[in-house]
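First comes the structure, then the notes that go with it.
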Amino acid sequence: MTSLPTSESDVIVLDRVSVRYRLLVDPRVSLKEAIVRFRRRKWVDYPALSDVSLRVQKGEVLGVIGSNGAGKTTLLNLLARVIEPSAGRVRIRGVVSQLIDLMSGFHPDLTGRENAYLRGAFLGLTRAEMHARMPGIEAFAAVGDFFDSPLRSYSAGMILRVAFAVATTVDSDILLIDEALGVGDAEFQQKCAARIAEYGARGVTFVVVSHDLQRLIQLCDRVAWIDGGTIRQLGTPIDVVSAYIAAHS
C-alpha cells in the first residue's frame, strides 16, 4: 500500500482514511423486546468517510462543501480528535482549536464574559491569560452591554461573536470551523474574514465547512467537495464551487 507523500509544510495529512459507524437496522423496539431479541438484533456498518486522502499546508485556508450527510462534520470531528478513523492514518502537527458547536463550553445562565473565561479554560488557557486577552475579546465580539448579560438573552449571531472571538484568541496552529461563519451579519462576517486572513499570514491553518459558497470563494485557498464520504473534487475555490453548483442545478 502506497502512503500519501508529505512535505515539511503539511500540518494535516489524511492517508486513506475511512470512518464507519455501526447502526441498528431496526432500533424502534421496546426495552422488553430489546432484552429478548438482543442476540438477534442486526447491525450494519455505515461508511461516513471512505478512503479519503488529503494534505493541508501551514497557513492554508481549506473550504469543505457537500450536501447534508456527505461527511463534512465527520471530517472535522476526525481532525479535532473527537473520533478515531476506522482505517487509515491521521497526522496533525500543532495545537487544534475548534468552532464546531457554538454552545460547546458555554452555559446559558452565565454572562458572555463568564462564558469567555469558561471556554478559555476548556481550551487550556489560565484565568490570568484570559484576563489579559479579555479586552480584545470584548472589543472583537462587539456585543455591547450584553457581554455582561446571561447568554440566554443572546441571539445566535451574538453567541457566534463571542465564540469566534475566544476561539481566535487561543494560540492554536489549526482552527476548525463548522457553519459558524454563516450565522453572523455581513459586518461581522467581514471581520471574521479579515481575522482569518491575518492569522493565515501568521501561519495558522483553517478548515472551514460552510454552505455559503460565495464566502468560501472569497476566503479559501482551496476547496474540497465531499460527496458520499469521498472527496469528489479538490482544487481552486471557483473551479470546485462551479462544479458543485452545476451538479446540483
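Just so it is clear, none of the values below were taken in a lab; they were calculated from the coordinates. If you're wondering where the values come from, they're calculated on a predicted model, not measured in any experiment. In this analysis, Cβ positions are derived from the backbone assuming ideal geometry, glycine residues included, and neighbour counts consider all displayed protein chains.
Before moving on, here are some points about what is shown:
- As computed over region 108-249, the Cα convex hull volume per residue (Å³): 131
- Here the gap between Arg202 and Asn68, fully extended at 0.36 nm per residue and compared with their Cα-Cα distance, gives a gain of 45.0 nm.
- Region 122-165: radius of gyration over Cα atoms, expressed as a fraction of 2.2 N^0.38 Å: 1.17
- Region 95-207: antiparallel DSSP beta bridges as a percent of all, rounded to 5: 10
- On the beta carbon distance between Asp45 and Asp145, with R0 = 45 Å, the FRET formula returns roughly 0.30.
- Computing Rg and the Kirkwood Rh from the Cα coordinates of region 208-249 gives a ratio, Rg/Rh, of 0.92.
- Region 149-226 and region 228-249 have Cα centres spaced 21 Å apart.
- Here each label is just a point 7 Å from Cα along the line to Cβ, and for Asp171 and Arg152 those points are 3.8 nm apart.
- Tail weight of P(r) past 34 Å, computed on alpha-carbon pairs of region 10-247, percent: 24
- Site pair Arg93 and Phe122 shows an inter-label distance of 2.9 nm when each label is modelled 7 Å from Cα along Cα→Cβ.
- Inter-probe distance in nm under a simple model that places probes 7 Å from Cα toward Cβ, at Arg16 and Ala194: 4.7
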